[in-house]
Structures are given as structure tokens and as C-alpha cells.
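Below is one structure, written out as C-alpha cells; the observations come after it.
The values are calculated or read from the model by the stated rules, or taken from the named source; none is laboratory data. Note that the coordinates shown come from a computational prediction; the quantities given were computed from them, not determined experimentally. Cβ placement follows ideal geometry from the backbone for every residue including glycine, while neighbour counts extend to all protein chains displayed.
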Amino acid sequence: MAASVNGCFLAKALAQQTEVLLLDEPTAALDLVYADDIFHEGRRLCDEGKTILIVVHDLELAAKYCTKLVLVSDGHIVDVGTPREVLTAENLRNAFHLSAAVYDDPYFKQQRIFVFPKGTTDIKAYKQTNASTDMSIDPDLQ
């Protein structure tokens with residue numbers, strides 16, 4: 001049901017044919033495939049010249065489809081830039097008070113975020129290999 005409701009709202013917004021589209025959590029309560037479809041369609045529209053401002057909590061989807069991110073925490077801007085510039089372990093710690101590793105997916109052109117459980121001080125138990133190329137890890141965990 002959520003997919004059809006969100007799709008209906010998106011269709012209504014597109015029917016207005018505005019240059020800028022504002023979307024507030026359009027993927028909330030959607031299955032993965034529907035959420036990805038919304039972002040994929042948004043990327044297509046941006047490639048055609050439309051500007052889309054989207055509020056979203058799924059940072060991996062944002063990294064996959066968005067060209068510019070504004071990371072906000074408690075009403076303050078933490079960072080602005082490309083997904084690679086904004087989605088760093090340090091920024092995630094500053095914004096959300098968590099420890100994370102941000103890395104390039106070894107198979108696909110996408111950034112991934114691994115959030116460590118609170119209280120983690122040693123990441124050995126979470127690593128599959130010793131490789132850490134192109135990985136941003138919270139410096140307090142190294």
C-alpha cells in the first residue's frame with residue numbers, strides 16, 4: 001500500500017511540471033525495490049534538468065543516486081558536497097554520534113556504510129580480511 005500511495009504523490013508532484021521538486025522521505029515504509037525505483041526515477045529526472053531536493057535517512061541510497069548531499073544534524077549543517085566528500089566516518093560520528101566504516105563496495109559503484117555497535121573499540125571481529133583500501137573508518141577504532 002505504501003508504494004502505491006508514495007507513487008501517487010510522486011505522480012501528482014510531477015504533474016505540476018515545476019523545475020524544482022521537494023520530496024520529504026518519499027521512501028519511508030517502502031520495500032527496497034520501490035525505494036530504489038523512486039531514487040532511480042529521481043536520478044533520471046535530474047539528468048533531464050529537473051532539480052530535486054530530497055530529505056532521506058537512507059544514506060546509501062543517497063550516495064548511490066545523488067550528486068550533492070547536505071548532511072544535517074540537530075538543525076545544523078555538518079557538511080555539503082559530493083557523497084564521497086560528505087559520507088565519511090568522521091562526519092557520521094559528528095552527526096549521529098556513532099562509529100562507522102565508509103567504504104567502496106568491492107563489486108558495485110557504490111559507497112557502503114557499516115555501523116559498529118555502541119561500545120566497539122576493536123574492529124577485528126567485524127573484518128573479513130585485512131584489506132582496508134578506499135575505506136574511511138572511525139579513527140578511534142583503528
Tell me which of these His76 doesn't satisfy, since it passes every other one: (1) modelled with pLDDT of 95 or more; (2) within 27 Å of Asp105 (Cβ to Cβ). (2)
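For (1) in contact (Cβ under 8 Å) with a residue 12 or more places away in the chain; (2) more than 16 Å from Val86 (Cα to Cα); (3) among the aromatic types (Phe, Trp, Tyr), each residue gets a yes or a no:
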residue	(1), (2), (3)
Asp37	no, yes, no
His40	yes, yes, no
Arg44	no, yes, no
Glu48	no, yes, no
Lys64	yes, no, no
Lys68	yes, no, no
Return the only residue of Ala62, Ala35 being in contact with a Ser or Thr (Cβ under 8 Å, 6 or more places away or on another chain) and farther than 22 Å from Leu141 by Cβ. Ala35
With the structure loaded, tell me whether Tyr65 is of a type in the set (Phe, Trp, Tyr), in contact with a Cys (Cβ under 9 Å, 6 or more places away or on another chain) and surrounded by 12 or more Cβ atoms within 10 Å (Cβ to Cβ) or whether it fails that test. yes
Leading residue by the ranking (farthest from Leu21 (Cα to Cα)) among those in segment 80-89 that are hydrophobic (A, V, I, L, M, F, W, C) and not in a strand (DSSP E or B): Ala89
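Residue-wise test of (1) of a type in the set (Val, Ile, Thr); (2) more than 22 Å from Leu30 (Cβ to Cβ); (3) surrounded by fewer than 19 Cβ atoms within 10 Å (Cβ to Cβ).
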site	(1), (2), (3)
Leu69	no, no, no
Arg93	no, yes, yes
Val102	yes, yes, no
Arg112	no, no, yes
Asp122	no, yes, yes
For strands (runs of 3 or more DSSP E) lying entirely in segment 12-79, having 2 or more residues that are touching an Asp or Glu at 6+ places or on another chain (Cβ under 7 Å) picks out 51-55
Does Ser73 satisfy being surrounded by 15 or more Cβ atoms within 10 Å (Cβ to Cβ) and of a type outside the set (Val, Ile, Thr)? no
Please verify whether Leu92 is outside any strand (DSSP E or B), in contact with a helix residue (DSSP H, G or I) (Cβ under 7 Å, 6 or more places away or on another chain) and closer than 26 Å to Ile123 by Cα, treating the condition exactly as stated. no
Within segment 85-110, can you find the residues that are modelled with pLDDT under 95 and of a type in the set (D, E, K, R)? Asp104, Asp105, Lys109
